[in-house]
Amino acid sequence: MNPSGLFLIVATALFPAYQLITLPDVTDQVALFSQYLGLAALVLMAWGQILSTRLPGIELIFGGLDRIYVLHKWAGIVAMTAILLHDTIDAEMRGLGRETALNELAETLGEISLYGLLILVVISVATFIPYHLWKWTHKAMGALFVAGTFHFFFIMKPFQMGDPAGLYTSAFCLAGITAYIWMMLPERMRPSHSYKILNLERTGGALAISLKPDRKGVVPDPGQFGILRFTGAGKSEPHPFSFSKIGADGTLRVTVKALGDFTSNLRNELDVGQEVRVQGPFGRFRLSNRGPEIWIAGGIGVTPFLAWCDALDTHTDPVHLFYCVRSPQDAPHLTEVQALAEEKPNLTLHVIFSCEGKRLSADLIAEMVGTDLSQMKVSFCGPVALRRSLQTGLLRYGVTARRFHFEEFEFRTGVGLQRLALRVLRQKQVSLHG
């Protein structure tokens with residue numbers, strides 16, 4: 001993600017601390033700290049709502065949409081931690097005046113917001129929860145954020161709403177509520193482009209969907225993706241798909257692998273001529289056309305690289321594309337990518353079939369490329385387990401994190417507790433046998 005975007009969120013969440021420290025005649029520092037935690041939580045929750053809007057320009061500030069969703073998730077988790085601490089540490093201060101019925105209602109709504117958000121955050125990070133339920137938890141979070149905003153506006157606090165601390169946090173609350181209202185609008189009311197399905201083709205166990213714009217369509221760069229909504233298909237939920245082909249005439253193609261409930265029966269729901277609404281383009285996983293490169297595609301992760309291969313300048317430095325699939329029958333667009341490799345003299349294709357007992361590793365890459373890897377840029381799209389294995393292995397060959405670029409396959413992820421537990425277990429095993 002873009003470091004400047006992360007810095008912006010951290011700085012805006014920390015700023016209320018300065019505003020509270022400068023308040024005169026406040027002696028209860030513990031309660032003041034609890035007050036700060038409440039303000040910081042509201043700022044972070046507002047950012048969570050703003051990050052989910054997919055508004056134009058948001059990727060420029062925070063990085064690709066895949067990284068924005070990771071940032072959105074962690075903003076929510078940190079906000080929830082701050083709310084729990086705010087509730088645990090007594091925030092009441094003496095001398096703020098007599099409580100009214102409105103203050104008591106704000107207290108009640110604050111409690112409802114706390115416990116509601118706690119339940120929803122747990123559901124949100126539990127990746128085994130069905131998608132449709134997970135989606136509704138995000139809609140409900142916005143309503144609880146509104147309740148938290150009411151709590152802030154009418155609770156007794158050591159400053160007035162017209163003071164800098166009140167105005168600052170109010171601005172974030174209102175921005176967050178505006179973003180929430182925007183996200184609650186029906187999908188048909190959000191900016192999108194109308195396409196018609198031009199062709200449907202099976203390829204390597206996947207479905208290639210070619211689209212023709214009704215009028216003006218999106219203009220993606222190779223490697224970008226769109227949010228597609230198949231209207232009238234009985235599956236109108238919007239989903240992200242990389243563009244596997246970008247035609248000069250405005251036509252687009254996405255290639256969909258049956259990986260879940262939505263995609264498994266998609267072929268039976270679509271027909272040529274059917275309307276598709278496309279939002280975007282999104283993503284920062286773009287072709288650089290500079291310097292020697294290694295591209296690594298795992299399964300359906302080949303889709304952005306197909307557009308890269310098509311747009312690759314034949315006068316640039318050599319590119320090695322590693323395409324990892326189980327078998328030739330399971331390789332989407334295998335014939336197409338082979339033809340592109342023959343057409344581009346600077347593109348070398350390496351197809352790794354796991355059914356033949358082959359597994360891609362850093363050592364195999366170094367052997368097949370045959371040059372110093374430390375000066376090469378590596379781009380990856382595929383399963384997380386393969387990515388982590390290659391990141392670790394390529395580090396031995398001098399490929400640092402700055403030279404290893406990837407796009408998140410899954411926008412919906414957990415908090416990494418399972419991975420942390422496995423790491424601790426391995427460490428214990430090493431200690432016991434070492």
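When every residue of the range 258-268 is checked against the conditions, none turns out to be under 30 Å from S361 (Cβ atoms), assigned to a strand (DSSP E or B) and in contact with a strand residue (DSSP E or B) (Cβ under 9 Å, 6 or more places away or on another chain). Looking across the range 264-290, just one residue is of a type in the set (D, E) and either without any contact (Cβ under 8 Å) to a residue 40 or more places away in the chain or open to solvent by less than 30 Å² (accessible area, probe 1.4 Å) (or both), and that is E269.
Of all positions in the range 396-404, none carries a residue that is more than 18 Å from S244 (Cβ to Cβ) and touching a Phe, Trp or Tyr at 6+ places or on another chain (Cβ under 6 Å).
Scan the range 335-383 residue by residue and report those that are open to solvent by 30 Å² or more (accessible area, probe 1.4 Å), closer than 20 Å to L306 by Cα and of a type in the set (V, I, T). Selection gives T335, T348, V351. When residues in the range 291-312 are screened for being under 18 Å from Q224 (Cα atoms) and open to solvent by 30 Å² or more (accessible area, probe 1.4 Å), 2 of them pass. Tell me whether the range 354-369 contains one or more residues that are of a type in the set (S, T, Y) and more than 16 Å from A297 (Cβ to Cβ). Checked the range 354-369: no residue is of a type in the set (S, T, Y) and more than 16 Å from A297 (Cβ to Cβ). Can we say I77 is in contact with a helix residue (DSSP H, G or I) (Cβ under 6 Å, 6 or more places away or on another chain) and either free of Cβ contacts under 8 Å to residues at least 12 places away in the same chain or of a type outside the set (F, W, Y) (or both)? No: the conditions fail for I77.
Considering only residues in the range 354-378 that are of a type in the set (S, T, Y) and in contact with a Gly (Cβ under 7 Å, 6 or more places away or on another chain), the one that is modelled with the lowest pLDDT turns out to be S374. Within the range 322-345, the set of residues being of a type in the set (S, T, Y) and within 28 Å of the chain's Cα centre (by Cα) comprises just one member, Y323. For the range 150-240, the strands (runs of 3 or more DSSP E) that sit wholly inside it and include 3 or more residues that are open to solvent by 60 Å² or more (accessible area, probe 1.4 Å) and farther than 18 Å from K139 by Cβ are 193-203. The residues of the range 313-334 that are open to solvent by 50 Å² or more (accessible area, probe 1.4 Å) and charged (D, E, K, R), listed by number, are D313, D317, R326. Contact map, the range 2-21: residues that are closer than 14 Å to F172 by Cβ paired with residues that are part of a helix (DSSP H, G or I) and of a type in the set (F, W, Y), Cβ distance under 6 Å, separation 6+ or inter-chain. Pairs shown: I9/W47; P16/Y36.
The values are calculated or read from the model by the stated rules, or taken from the named source; none is laboratory data. Just so we're clear, the structure is a prediction, and the values are computed from it rather than from any experiment. Here the Cβ is made from the backbone with ideal geometry for all residues, glycine too, and neighbour counts use every protein chain on show. Just so you know, the surface numbers come from the protein's heavy atoms only, side chains and all, with ligands and any DNA or RNA stripped out. Shrake-Rupley method; radii C 1.70, N 1.55, O 1.52, S 1.80 Å.
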